[in-house]
Number of protein chains: 4
Amino acid sequence: MKQKFRIALIGTGYIGKTHALAYRSVNAVFPDLPELVADLVVDIDETAGRAFAAQFGFARFSTDWHDAVSDPEIDIIAIATPNHLHKDMAIEALRAGKHVYCEKPLAVTIEDSEAMAEAARNASGQTLVGYNYLCNPALQLARKMIESGRIGRPLFFRGVNDEDYMADPKTPHSWRCERAKAGAGTLGDLATHLISLSQFLMGDIVGVAGRTYTAHAKRPVASDQAAYRTVENDDVVSVLVEFEGGARGELSSSRIAWGRKNRLAFEIHGEKGTILFDQERLNELEIFETPEDADAQGFRKILIGPAHPPYGAFVQSTGHQLGFNDLKVIEVKNLIEGIANGSPCYPSFEDALKVEQVIDRVLNPQPGT
Amino acid sequence: MKQKFRIALIGTGYIGKTHALAYRSVNAVFPDLPELVADLVVDIDETAGRAFAAQFGFARFSTDWHDAVSDPEIDIIAIATPNHLHKDMAIEALRAGKHVYCEKPLAVTIEDSEAMAEAARNASGQTLVGYNYLCNPALQLARKMIESGRIGRPLFFRGVNDEDYMADPKTPHSWRCERAKAGAGTLGDLATHLISLSQFLMGDIVGVAGRTYTAHAKRPVASDQAAYRTVENDDVVSVLVEFEGGARGELSSSRIAWGRKNRLAFEIHGEKGTILFDQERLNELEIFETPEDADAQGFRKILIGPAHPPYGAFVQSTGHQLGFNDLKVIEVKNLIEGIANGSPCYPSFEDALKVEQVIDRVLNPQPGT
Amino acid sequence: MKQKFRIALIGTGYIGKTHALAYRSVNAVFPDLPELVADLVVDIDETAGRAFAAQFGFARFSTDWHDAVSDPEIDIIAIATPNHLHKDMAIEALRAGKHVYCEKPLAVTIEDSEAMAEAARNASGQTLVGYNYLCNPALQLARKMIESGRIGRPLFFRGVNDEDYMADPKTPHSWRCERAKAGAGTLGDLATHLISLSQFLMGDIVGVAGRTYTAHAKRPVASDQAAYRTVENDDVVSVLVEFEGGARGELSSSRIAWGRKNRLAFEIHGEKGTILFDQERLNELEIFETPEDADAQGFRKILIGPAHPPYGAFVQSTGHQLGFNDLKVIEVKNLIEGIANGSPCYPSFEDALKVEQVIDRVLNPQPGT
Amino acid sequence: MKQKFRIALIGTGYIGKTHALAYRSVNAVFPDLPELVADLVVDIDETAGRAFAAQFGFARFSTDWHDAVSDPEIDIIAIATPNHLHKDMAIEALRAGKHVYCEKPLAVTIEDSEAMAEAARNASGQTLVGYNYLCNPALQLARKMIESGRIGRPLFFRGVNDEDYMADPKTPHSWRCERAKAGAGTLGDLATHLISLSQFLMGDIVGVAGRTYTAHAKRPVASDQAAYRTVENDDVVSVLVEFEGGARGELSSSRIAWGRKNRLAFEIHGEKGTILFDQERLNELEIFETPEDADAQGFRKILIGPAHPPYGAFVQSTGHQLGFNDLKVIEVKNLIEGIANGSPCYPSFEDALKVEQVIDRVLNPQPGT
């Protein structure tokens, strides 16, 4: 097994910072892992990029992402740029034989997503898409419980992903409201998490019927609050789905849900029990199992701890809690393991394409479905 | 104002008992109310009926409901029989000049429901349908908060009504699984509450798109667990709705949700805030209001108390809690007040017809909707 | 078994109303019970008393409690008067051969309490003291779980009883603040519930060390907010106890805990598990049992239902919830059963004396304890 | 301001690992901070120590802590050794002019603690004791709310700190049960957090009355489960305290509370409101403020986010949550800031001594208190 991998990070925004933090911690948290070297960081803004490199300990800096992709020293290309730039970077990196670690969503159009997945199929490198919520040990536990039959065959998935970052009607119009720049609204930004999560736990989605709703049809222009501009994508999306094997689901997501900050929540009803989760309390999972004693049945709230790997690599006591940034460290660990072992990472471009296909079917319903 | 009303109760099952308990308490809890006299009870089973009359203090008993309807002493006919019997009793009672207090749902078919509403339009008596959950002071508070603008214009309603009484696949086939006897499944039994509740808070539903799902397609025959019989109606129903004025909603309901006992829960996202409720904690309501202080915003959990009428008629201290049976007492109070004042009760047959119309549109979707 | 008992109620205030409501419902809820006749009500205020009799259906009224005690028709004397009046009424009633149903606390002084218990020992009648919270099926379940060994030997009890009715420093001085009229403050009003509850679940308290704290030493005089008067009893009380058998406990109670309305909450740590309860959610009990699976352990929240008698006598479905007034109906049922069967009611005067003894030991610590 | 500080870490156990992780992240999370260099690590086990140095990126390793203390290159000595070793290391480091960052508790005996505080008084270096829970932005918010008067003058503090690591009576005897090695039991291990927390929020403790309780008097010997050995310290501790200024408090802590993993919870009752916290949900704080509207009052649950510094340095969105390890990063940031600015860190040896003094007064009560 190779003992060292060099990574180049393209993009130094919000999510790029999360990457860089994780690169610094991953070998300390997981000492048995091959070494990850934060080698090169790319940003078109030289001043910001150099400061970022210094802050997070990257050895090198460039303003041109082609430098990263063509650099023979680099093993892994991490893409944390605006979404519409993912495709070209990812495809060129794959063609150059790199492993590609791309932020979600895969791309802005279904055509781009398909092209990326196609490139991955023909490449030697591994791919991983940054749906890092899936790395939560609580969700790994949920999946384990399903697979081991604790709730029987899963029959129904009801999930929500709500935030309130656009809840105020006075929040100005921005690129987020433009179809050309952002693609779908809530559907692309928040519901993607829900779709990836539901497929992780329930299997592939084979049937889709969706409705989008733009509650605030116009928003003020930032520079002139008296002027208003049309919002081109959805504030709220409701999707009824069918999973392979016949189970059904409801996915609902809103960016205008006052008070909700990161409510990625679901319940799964199975033949023998129910599982509950809410990411605003990401260290907890609840389960109801078919009762033995009629007078003692109820939902059991499990606090995540060392019994739920890889929590114990971070803290040795239950209830001390992981945070959001820790999930990214787990994701980077998964990436390195997959690359080192030559085994597919999850979710790969192929897996993430399935998320985009669901989105596409909401936006472009087929006759007769 | 008339000072005394005589009621006849038809049906002595589960819900009939709830009625009878409420009749006994209503004047003690609400001393300013005209007197309600539990005069006559009707049941086809003479032994059971007589025992019931004795238990709950009815003066008279009959095995024939026509006795009640034709009795000039009786002011109010309460109908707590199997659902398919509602229509004839209600219409005949209305024609006889009685006030009619009918259990939910209004009827088993849309035609019956329409006939009942038509009869009510042409009658002098008041009508009230027993959606007693609406009597919860917490829900009255929710409505008051919406009306007073605390959360701004309501934009989105997301509701569930889950129980688990059919969650076990081994639960035998019964009349509940037969379309002829029960009509819809979860849709008619549980979602009705959700529909009535959403219309109470959000206004009339004008757009409907639904999906039903029978997770357990066959169930064992009670007398022979080796034999299986087809389930003819829905275990789970998902309905996407539009309210008058343009707000949207999702209604989801299941009778196979292990661990859920009476989860009639909703969230309403408004322009300025959010309201949350879950009937498994029926004395609580949560509200999020647009924050003044960024560092102190959050959901506020309100415990119902004397500030939320008519709680104080039952208990004089907050947090001591009302129970399910108390809600029925409030409903009976509302009935008497409406009758005494000659003002329409809520929900009337006309209001309840709107619930049935939503159900009908789920079961019989119109082309182009 | 005698088939009918006549009760006389002395006192028509807040708690008297709760009694009267329960008398009306008890035979309807529990049809197999001997009949309870609300025969006579006593109040010194004739107008209020007569109105009360009419409202709640008492056959007779008197302004003199001696009429009740000496009436040969009356079987049971219910005492719902101010606390300092309990003693004379109870003792005279017991001497007259009546059963006595007295509101909590037993009396204002330990001497009075002892005299009442002594009278009960020498009387033929049953006694019951109105610690009605103990009638909650959730607490009966807690006791059953302890007795059946689900949490092993109970080792530690930590309980609180908080309200906020005196939290506002501007709340005027009243009889509640005077030692002569109210006796202890929070200790007598709220902590009594906690003491009775802890003894119900853990056994008798044999060791006591307490501290009282008057946070608001003076309060404004109602008629003149510029004038202040000294508060003579405790706002907060902390009691460290030892139970027979060696388990320990902490009892803490406050009347100045803003936001707490009826928080009678406890946790019991046992050798094998833990039980949690909070009366602001009186239909729930939580239990943690020694885990079998390290990755699936957690607190299980039990919703009270028909599996927890006598819930099913009120409602036939789990999760529909009992309210405060229902607990009083159960208490009255217990009273009638005890009297009819000639078996001691719980808590009797003897049991309630043990509560007063704990209070006395807090107020009057013994040297060397 | 100096731009670089070199730290030497003594001890590579559980808490040492937490330190090392924080050293790696602190400059990336807080880019404006002077640089912290993880220079030297000390452990008596050479193999383990060298592996640790490699894992966490320390430049140098030694088996002798005197090497660290006497090294002129080193600015800060971090002590993460067994508690009884703290004193000598800290005092020698202070005398050598180092800053000292010592894990909690300060020492095993009050004499050692006093000697350490005395050494700190006479030294030029800063001191900081690792009560890292205090770094939680939720607790900083609690303090800010108190200081700004949102709940008025704080009157009462009720806190618990429960875990279950000794709840199983079969858990073998260990050094934790020996007074010579561990000092107090729960009091020294868990209640210390509670004491430090209460003093952070309420001010110094000036009155103390405590009770300790050893529920499991003997435990099996690890090597021979048939043999039992006496437990020499407390499983449970109850402390009644008085704060400077007159407010009161109750501190309760247990290591045998089944199901509790990290329940460091408190409520503070003030003249105008109440604050609640539970570390098992460390990203939440609840507040009740004196109501304006009687029908809308309740506890407001605040989710920690960028409005609560320094959360935003980790994540830019509310509700994404910090974890335990992030708190240690904040603590290290505080250390560097204090040292760089020459301002006292909190809690210093002087502050931590006050924790030890409370413990001492529980273990050695003075006559007349």
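The values are calculated or read from the model by the stated rules, or taken from the named source; none is laboratory data. Bear in mind that the values here come from a model prediction, so they are computed numbers and not experimental data. Heads up, the Cβs are rebuilt from the backbone with ideal geometry, glycines too, and the neighbour counts pull from every protein chain shown.
Annotations
- Single match in A:Gly125, A:Gly130, A:Gly149 (criterion: surrounded by fewer than 18 Cβ atoms within 10 Å (Cβ to Cβ) and in contact with a Lys or Arg (Cβ under 9 Å, 6 or more places away or on another chain)): A:Gly149
- The lone exception for B:Val239 - which of (1) surrounded by 24 or more Cβ atoms within 10 Å (Cβ to Cβ); (2) under 19 Å from the mean Cα position of the chain (by Cα); (3) within 12 Å of chain C (Cβ to nearest Cβ); (4) among the aliphatic types (A, V, I, L, M) it fails: (3)
- Within the stretch C:287-304, considering residues that are under 31 Å from the mean Cα position of the chain (by Cα) and not β-branched (Val, Ile, Thr), the one surrounded by the fewest Cβ atoms within 10 Å (Cβ to Cβ): C:Lys301
- Output for the stretch D:160-177, where each listed residue is within 11 Å of another protein chain (Cβ to nearest Cβ) and touching a residue at least 24 places away in the same chain (Cβ under 8 Å): D:Val160, D:Asp162, D:Glu163, D:Asp164, D:Tyr165, D:Ala167, D:Pro169, D:Lys170
- Some residue of the stretch B:58-69 being within 23 Å of the chain's Cα centre (by Cα), modelled with pLDDT of 95 or more, buried (at least 18 other Cβ atoms within 10 Å of the Cβ) and closer than 19 Å to C:Arg24 by Cα: no
Yes or no, residue by residue, for (1) at pLDDT 95 or above; (2) assigned to a loop (DSSP other than H, G, I, E, B); (3) crowded, with 22+ Cβ neighbours inside 10 Å; (4) more than 10 Å from chain A (Cβ to nearest Cβ):
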{"position": "D:Glu250", "(1), (2), (3), (4)": "yes, no, yes, yes"}
{"position": "D:Ile256", "(1), (2), (3), (4)": "yes, yes, yes, yes"}
{"position": "D:Ile275", "(1), (2), (3), (4)": "yes, no, yes, yes"}
{"position": "D:His308", "(1), (2), (3), (4)": "yes, yes, yes, yes"}
{"position": "D:Gly312", "(1), (2), (3), (4)": "yes, no, no, yes"}
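- Residue count for the stretch B:35-50, restricted to those that are touching a Phe, Trp or Tyr at 6+ places or on another chain (Cβ under 6 Å) and among the hydroxyl-bearing types (Ser, Thr, Tyr): 0
- Exactly one residue among D:Ala90, D:Ala80, D:Ala120, D:Ala107 is crowded, with 20+ Cβ neighbours inside 10 Å, out of contact with any Gly (no Cβ under 6 Å at 6 or more places or on another chain) and within 19 Å of D:Arg176 (Cα to Cα), and that residue is D:Ala107.
- Check on B:Leu353, among the aliphatic types (A, V, I, L, M), touching a Ser or Thr at 6+ places or on another chain (Cβ under 7 Å) and at pLDDT 95 or above: yes
- Scanning the stretch B:178-204 for residues that are modelled with pLDDT under 95 and of a type in the set (A, V, I, L, M, F, W, C) gives B:Ala180, B:Ala182, B:Ala184.
- Every residue from the stretch D:96-135 that is assigned to a loop (DSSP other than H, G, I, E, B), under 20 Å from D:Tyr14 (Cα atoms) and out of contact with any Asp or Glu (no Cβ under 6 Å at 6 or more places or on another chain): D:Glu103, D:Lys104, D:Pro105, D:Ala107, D:Val108, D:Tyr131
- Pairing residues of the stretch C:61-87 that are more than 21 Å from C:Glu111 (Cα to Cα) with residues that are of a type in the set (Lys, Arg) and in a loop (DSSP other than H, G, I, E, B), at Cβ distances under 8 Å and at least 6 apart in sequence or on separate chains, gives C:Val69/C:Lys98; C:Ile74/C:Lys98; C:Asp75/C:Lys98; C:Ile76/C:Lys98; C:Ile77/C:Lys98.
- Boolean, B:Arg219 is touching a residue at least 24 places away in the same chain (Cβ under 8 Å), away from every other protein chain (no Cβ under 12 Å), among the basic types (Lys, Arg) and surrounded by 19 or more Cβ atoms within 10 Å (Cβ to Cβ): yes
- Residue satisfying condition, being out of contact with any Pro (no Cβ under 8 Å at 6 or more places or on another chain) and away from chain A (no Cβ under 14 Å), within set D:Thr47, D:Thr63: D:Thr63
- Residue check for D:Asp168: among the charged types (D, E, K, R), crowded, with 22+ Cβ neighbours inside 10 Å and modelled with pLDDT of 95 or more: no
- Enumeration of residues in the stretch B:1-20 that are within 10 Å of chain C (Cβ to nearest Cβ) and part of a helix (DSSP H, G or I): B:Tyr14, B:Ile15, B:Lys17, B:Thr18, B:Ala20
- Within the stretch D:277-306, the set of residues being within 7 Å of another protein chain (Cβ to nearest Cβ), closer than 23 Å to A:Ala265 by Cβ and part of a strand (DSSP E or B) comprises D:Phe299, D:Arg300, D:Lys301, D:Ile302, D:Leu303.
- The set of residues in the stretch B:258-271 that are surrounded by fewer than 24 Cβ atoms within 10 Å (Cβ to Cβ) and within 7 Å of another protein chain (Cβ to nearest Cβ) comprises B:Lys261, B:Glu271.
A quick yes/no check of all residues on (1) touching a helix residue (DSSP H, G or I) at 6+ places or on another chain (Cβ under 8 Å); (2) surrounded by fewer than 21 Cβ atoms within 10 Å (Cβ to Cβ):
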{"site": "D:Glu163", "(1), (2)": "yes, no"}
{"site": "D:Arg176", "(1), (2)": "yes, yes"}
{"site": "D:Ala182", "(1), (2)": "yes, yes"}
{"site": "D:Asp204", "(1), (2)": "yes, yes"}
{"site": "D:Ala215", "(1), (2)": "no, no"}
{"site": "D:Asn233", "(1), (2)": "yes, no"}
